[in-house]
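What follows is a short report on a single structure.
The values are calculated or read from the model by the stated rules, or taken from the named source; none is laboratory data. Keep in mind that this is a model prediction, so the values were computed, not measured. FYI the Cβ positions are ideal-geometry reconstructions off the backbone, even for glycines, and counts take in every protein chain you see. The area values use the complete protein model at the heavy-atom level, side chains included, leaving out ligands, DNA and RNA. Shrake-Rupley method; radii C 1.70, N 1.55, O 1.52, S 1.80 Å.
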Amino acid sequence: MVLTDTFTPRNFRGQSHLAARDARLRAILDHATRYFMTKRGVALEAFADREDHFGRARVARLAALSRLPELLERLERNATAAGTRVHWARDAAQAREIVAGIARDCGAKVVVKGKSMVSEEIALNPALEATGAEVWETDLGEFIVQLAQEPPSHIIAPCIHMSRADVAALFREKLGLADLADAASIPELTLLARRALREKFLAADLGVTGVNMAVAETGSVVLVENEGNIRMSTTCPPVHVAIMSLEKVAATLEDAADLLRVLPRSATGQRMSSYVSVLTGPRRTEEPNVELDGPRETHLVILDNGRAEVLADPVLREALLCFRCGACLNSCPVYQTVGGHAYGSVYSGPIGTLLSSLLLPTEDTRDLPFGCTLCGACKKTCPLGIDHPKLMLRLRERVCAGSPGLAGVAHAFLALHPLAYRLAVGAARAVDPGLNLLPRLPGLPVGLASFVDSRQPPRLKTPFSAQLRRSRKKGGA
Amino acid sequence: MSRQQILDTLRAGLAAAPLVVPAPPARPASLPMGADAWARLAEVLAPLDVRLRLAATPAEAAQHVADIARERAATSYTRWDDMPPGLDMDDALAGLSRVSDLGGGCCHALAHVDLGLTFAHAALIDSGSLVLVAGRGRPRAASLLPPTHVCLVPRSALAPDVSALPGLLRGHADTAGLPPSCLNLVTGPSSTADIELVLVRGVHGPGALDVVGLDWDI
Ligand code: SF4
């Protein structure tokens, strides 16, 4: 993740302070988080055997982590056999270099990108632009924030902080549409974006996407979306690069199918997203199966960027289970109050706090784990059963161990954010401790049980990952 | 170099803190495929703004496809070369011009075509997903670039849910065991709610999806 002075988790406290006072932002967040939670709630209510499906999804993710090195080797072998070139990147700089190298090798003048948090994490766009290519975000929301030169504000809806009039003003200025009225309708704005981007897809030399999962058994990547821009990016350009963070592997097709049962429902309340693509290697060019479209060249970049070390920590590695449905963001009283930008990195909300703290230097993220009321709404919401509050405490412990004077930061945060605190405590008070028995639905207030659970005394044993981190800092590498 | 470092770090981590995986709950049984399969598929597709039209004979299927082309005001179409047997779709769409020369760049050739006609290798009743396997004579772009996508679903393609996916991928593997280069699940039209969370159909892919069920033994 590339940090700037204005967009960094270092300023989390100041940024949340400002955000919490922004009445317009608050209204938008309120609308958006409710919208997502309501849609999700309806979908989960109709989801037969929900808990069993959640349980299978969790075990599929755990199984992947438990055999991660072996599965990555298997993925590499099978992807290579399918004709995909596999690259390994230890950090963001290496990943940028690999993708920029591919862009240079194929002489890319126009690059189209599908929504990908990981490419945001490694700050890929400037590196691609430095090769001389035009780079286009093609997801509508990402396209809009790219034009506005802002970071995305939500995993699922990158531009929820902008109104249609904002978008019209932006298109007027950036797409040269001088006549476009502020009152332009949303379908009209969407059509204008479609036209602008259709040209780019047809001209593109390279398509870059993330992956939702990669299947070790077959060497396939699985991409999930609603707009069709990812399908366009993997159908029209002659070269496709998929970038995956290394934990996104699934051992088998069965595991991938179990995850696909849950992911769209939890993310957007859909039974299935509009498009799921399972891609295995480049288009076939040998008789008898000659294909007329799809990339002629496919690459898979496996990115570490600090994740491998997290696997050694038995508590914190739970964060690697996440498949980015975004549900915990919407359920979080702090996120509902301050929104995504305040977190100062591509990952926001409960899971964002965990990932940023694990992947970025401690000195940049020390306030993040204290921006949490430990209410446990995230844990209750997460279909994969990630215990965010427990991990928050572990991170606080880590921050405090590194710098003993910081023990009071939590208090300071809550004092600065009385509303977030009241919201969380109010929600917790309103329910009885037996709430664990209620169906796990978003929007339900949070059980006291997890609230209490999470207040266990910290363990002070130095985790292996901390030792590793220290030795890495000393030894370089 | 990086590869080895990454793998070594992962191995060291797992050795230091082994991860024991609990047994998963049994996969809940898929819904049985009864006589109401078509009705259930129609019910799941309706909220996605997708209409399922059932045809009892090839002639009826042709009529449905012609009706859809008229309703969608299509003047040109493309179709997969590969089609379920017994259907003459070119006859059904005789009034439209067919774009079939895709050699010089499939996406460019299809960029201005009104309607794309494909068929589903499977249709998942639980989610309303149409499974399209790309291959020779079955380009990916036919179901993606035209603003209207018409998909034929043979009765034999009906399947309960996404747990059918592994079997489909293995079933379409080539002689060397390699799965197809691209398998898509298509569930409703292309959609977005990125601006003010207002749902719009048809952003990059087709804004209209029509399904014709082929209700006879193929
Ligand atoms: S932590 Fe859980 S709820 Fe949050 S994004 Fe990840 S999978 Fe979804």
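Sites listed here are GluC sites (Glu not before Pro) in region A:285-328 whose DSSP assignment is loop and whose Cβ has at most 11 other Cβ atoms within 10 Å: A:E286. Based on DSSP H segments of at least four residues, each scored -39500 (n - 2.57), the protein assembly as shown has a per-residue ellipticity at 222 nm of -12000 deg cm²/dmol. Counting lysine pairs in the protein assembly as shown whose alpha carbons fall under 28 angstrom apart, excluding pairs fewer than 8 residues apart on the same chain, gives 29.
Can you pull the percent of Cα pairs in region A:296-370 with separation above 19 Å? Working shown, then result.
Numbers: 1123 of 2775 pairs.
That tail contains 40 percent of the Cα-Cα pairs.
Carbon-plus-sulfur accessible fraction, chain B (probe radius 1.4 Å, protein heavy atoms only): 55%. Buried surface between chains B and A: roughly 7600 Å² of accessible area, summed over both sides, computed with a 1.4 Å probe on protein heavy atoms only.
Within the protein assembly as shown, DSSP assigns beta bridges of which about 30% are antiparallel (rounded to the nearest 5).
How big, in percent, is the set of alpha carbon pairs in the protein assembly as shown lying more than 40 Å apart? Taking all Cα-Cα pairs of the protein assembly as shown, the fraction more than 40 Å apart is 28 percent. Solvent-accessible area per residue in region B:37-214 equals 33 Å², computed with a 1.4 angstrom probe and all protein chains kept. Rounded to the nearest 5, the antiparallel percentage of DSSP beta bridges internal to region B:37-214 is 30%. The simple spin-label model puts a point 7 Å past each Cα toward its Cβ; for B:V20 and A:A23 those points are separated by 5.7 nm. Full extension of the segment from A:S185 to A:T285, taken as 0.36 nm per residue of separation minus the current Cα-Cα distance, would add 31.6 nm. Given R₀ = 30 Å, FRET efficiency for A:D105-A:L177 by Cβ-Cβ distance, to 0.05? E between A:D105 and A:L177, to the nearest 0.05, is 0.25. For the peptide A:55-67, the mean number of other protein chain Cβ atoms found within 10 angstrom of a residue's Cβ is 4. In order along region A:318-328, phi translates into HN-Hα couplings of 3, 5, 6, 6, 4, 10, 6, 7, x, 5, 5 Hz, rounded to whole numbers, per the Karplus curve 6.51 cos²θ - 1.76 cosθ + 1.60 with θ = phi - 60° and x for Gly and Pro. Each label point was placed 7 Å from the Cα along the Cα-to-Cβ direction; for B:R51 and B:Q4 their separation is 6.5 nm.
How would chain B be classified by its alpha-carbon gyration tensor: rounded, prolate or oblate, with rounded meaning a/c under 1.5 and the a/b versus b/c comparison settling the rest? Judged from the Cα gyration tensor, chain B comes out prolate (a/c at least 1.5, a/b above b/c). Report note on the peptides B:122-130, A:120-128: ranked by the mean count of other C-beta atoms within 10 Å, highest first, their order is B:122-130, A:120-128. When chain B is treated as a GNM with alpha-carbon contacts under 10 Å, the residue of B:L48, B:L102, B:L110 showing the greatest mean-square fluctuation is B:L102.
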